[in-house]
Every structure is written in C-alpha cells, then in structure tokens.
Amino acid sequence: MNLLLMGPPGAGKGTQSKRLEGVFGLVQLSTGDMLRAAVKSGSDLGRKAQAIMERGDLVPDDLIIDMISARIEEPDCANGFILDGFPRTVPQAEALAVMLAEKGGKLDHVIELAVDDDAMVQRITGRYTCAGCGQGYHDEFEKPATEGVCDKCGGTEFTRRADDTEDTVRNRLNAYHEQTAPILAYYKEQGVLKDVDGMADIDAVTDQLKGVIGGA
C-alpha cells in the first residue's frame, strides 16, 4: 500500500507518517532525507545530486523520480511507503505515476490534512522547545507543568524557530495553497484524493487516517 500525505508546513504530516508506519508496516519517504542519504552514500545518484545542490540549483524532477524508484526497491519498502514532500506539481505527479506503473504499482491513497489557516498560524507561532533536550512546548496548548522549567530535563532555557513568525507562516501557507491546488485537482480526478480534519487532536487525526486507509 502506497500513500501520499499532503498538507502545509505544521499540519502534522511527519507525526502522522510515523504513526502510520507502525500501524501498517510502511516506510516514510522524505525526499529531503533521501537526498541527504544519497549524497552521503556516494552513489551515482548522490554524486549527481550533490553537484547540482552545490551549484545552488534545484534537483530536477527526473533525478528525484530515479531516487524514489531506487529507494522503493529496497526490502523495507516491501509493504509500501508514505511519500512526504513529493510530488508538489502536476508534472511531478504524472512522472511518479508513470514510474510506479512501470513497477506494477500506484498510489493507493492521497490524503490531505485539511487545516484552517488562522488556527495554523496560532499553532506554529506558539511553538517553542527546550534548548537542553529539545522537548517541544506551546504557548497555549502544551505548557510545561512549571512555568519556565522543562518537564523532561529541568532546563530553564527555551528557543523558538526564527521563521515561526506570523508573516512567514502566512507566506508558507499561501505558497502551499497556490502550488498544490492543481495537484489536489489532479488526484481528485484520479479518484484517490481524500481529506481528513488536520485541526483535530493528534490521536483523532490518526484515527481518521486509519479509517480512510483501512476502509477504502
């Protein structure tokens, strides 16, 4: 079973992918992680990607497709995979479909974590982490038991991501909506697109995903 989770930054794709991995025996495939692994391995694909990135250019679609093609041949992907971060355009989606068809496969489910932009801004801008152990917190939804003291390690220093500002978050959300609207329409036409309420709590989102995947 092969899945694609979609949603803007902060929607919870990474968290839910990890949960689905355990439930369905799938492997999360992040193109960013795959690129770094390919470069580190010194493979032909890795050397090509490294040269492109060192020039400051974007890695072309065909190289990404080749990288995914090689990755899903590995034994741990025997039960299927969860794509994260690719495809982002209709041409990428079409190229992915061709590659999977050549292997006798396809995307079984494309699921969007549907979110409310204003609530997403509140969710992301309120995030902060313990500088000592990395434990995550939130101004509204997940405060430490004792204000200013990390529950996990007792640290008293906290950090926030520099790009977790309202303007930056809204720009990222706008870019997501503009860039992914065509691909959502593409997958809807293919009959594989579903959506779940990405604003629900983490366990409820997981239950919704399991329902879509197990019930379709």
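What follows draws every value from the coordinates through simple rules; no lab data is involved. Remember, predicted model here, so these are calculated numbers, not experimental data. With ideal geometry, Cβ positions are generated from the backbone for all residues, glycine too; neighbour counts draw on all protein chains shown.
Measuring nothing but how far apart in sequence close Cα pairs (under 8 Å, 6+ apart) lie, relative to its length, the chain scores a relative contact order of 27 percent.
Extension gain, Thr168 to Lys210: 0.36 nm times the residue separation minus the Cα-Cα distance gives 11.9 nm. Which of the three applies to region 101-140, rounded, prolate or oblate, going by the alpha-carbon gyration tensor with a ≥ b ≥ c and a/c under 1.5 meaning rounded? Note, shape of region 101-140 comes out oblate. Be a star and scan region 95-123 for residues whose amide nitrogen sits under 20 Å from the point 7 Å along the Cα-to-Cβ vector of Glu73. So the set is 95-107.
By the Cβ distance rule of under 4.7 Å, the chain has these cysteines without a partner: Cys77. Classify region 42-88 as rounded, prolate or oblate from the Cα gyration tensor: take a ≥ b ≥ c as the square roots of its eigenvalues, call it rounded if a/c is under 1.5, otherwise prolate when a/b beats b/c and oblate if not. Here region 42-88 falls in the oblate category. Dipole magnitude for the chain: computed about the Cα centre from +1 point charges on Lys and Arg Cβ and -1 point charges on Asp and Glu Cβ, it is near 480 debye. Using the structure shown, select from Lys40/Lys194; Lys106/Lys210; Lys40/Lys152; Lys18/Lys194 the pairs with a Cα to Cα distance greater than 25 angstrom. Where the Cα-Cα span goes over 25 Å, the pairs concerned are Lys40/Lys194; Lys40/Lys152.
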